[in-house]
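Asks: Handing you this structure, nothing more for now.
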């Protein structure tokens with residue numbers, strides 16, 4: 001209890017000092033949030049209270065997004081990229097503690113979306129193919145980290161589908177292949193589903209043997 005009271009007291013002192021410096025215009029609000037987030041994360045390591053870690057990581061995400069957008073990339077809107085990446089990392093940290101597959105999926109899908117937002121911000125022309133490629137990479141990592149040891153393969157199959165769709169979008173956007181793209185997709189995805197279903201049935205029959 002004394003240890004908890006000690007660290008909580010230090011946190012209150014830190015908050016008071018930060019707001020005093022804010023009133024004196026020594027610190028901006030974004031820097032105040034950044035320093036406060038570090039204090040909360042340190043408090044978590046002292047007390048082990050999950051509330052400090054979550055609130056510290058959330059404040060760290062908000063402050064880093066604002067600071068980086070202000071100082072490092074003033075001409076480019078990278079807020080979406082940074083928010084999605086930071087919350088993805090938070091999900092992965094929580095996955096490391098709780099081993100929830102949902103957190104693993106969020107932790108890899110969010111950075112994929114964030115990276116696509118940055119590519120879309122910087123690139124010229126249609127880059128929709130990149131979204132499916134990034135999703136394909138994310139789902140394959142999900143398979144490797146969370147599902148391969150248990151023999152569950154749907155993330156790997158979904159990864160392959162995403163990569164194939166990405167390649168088709170890229171070929172279509174570059175007009176390297178002349179065909180009615182969406183009509184082709186309407187025939188492709190049922191065939192892929194049939195193939196995956198046959199593979200699953202084959203695996204089950206093989207295991208029974």
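Values in this text are rule-based calculations from the coordinates and carry no lab data. Nothing here was measured: the structure is a model prediction, and the numbers come from that model. Using ideal geometry, Cβ is built from the backbone for each residue, glycine included, and neighbour counts are taken over all protein chains shown.
Asks: Taking into account only those residues within region 110-126 that are surrounded by fewer than 17 Cβ atoms within 10 Å (Cβ to Cβ) and touching a residue at least 12 places away in the same chain (Cβ under 8 Å), which is nearest to residue 200 (Cα to Cα)?
Replies: Checked region 110-126; the qualifying residue nearest to residue 200 (Cα to Cα) is 126.
Asks: What are the pairs with Cβ atoms under 8 angstrom where one residue, in region 35-55, is touching a residue at least 24 places away in the same chain (Cβ under 8 Å) and the other, located anywhere, is surrounded by fewer than 17 Cβ atoms within 10 Å (Cβ to Cβ) and outside any helix (DSSP H, G or I)? Sequence gap at least six, or different chains.
Replies: If the second residue must be surrounded by fewer than 17 Cβ atoms within 10 Å (Cβ to Cβ) and outside any helix (DSSP H, G or I), the pairs left are 43/49.
Asks: Now a separate question. Restricted to region 23-44, and to residues that are in a loop (DSSP other than H, G, I, E, B) and on the phi < 0 side of the Ramachandran plot, which residue is surrounded by the fewest Cβ atoms within 10 Å (Cβ to Cβ)?
Replies: 24
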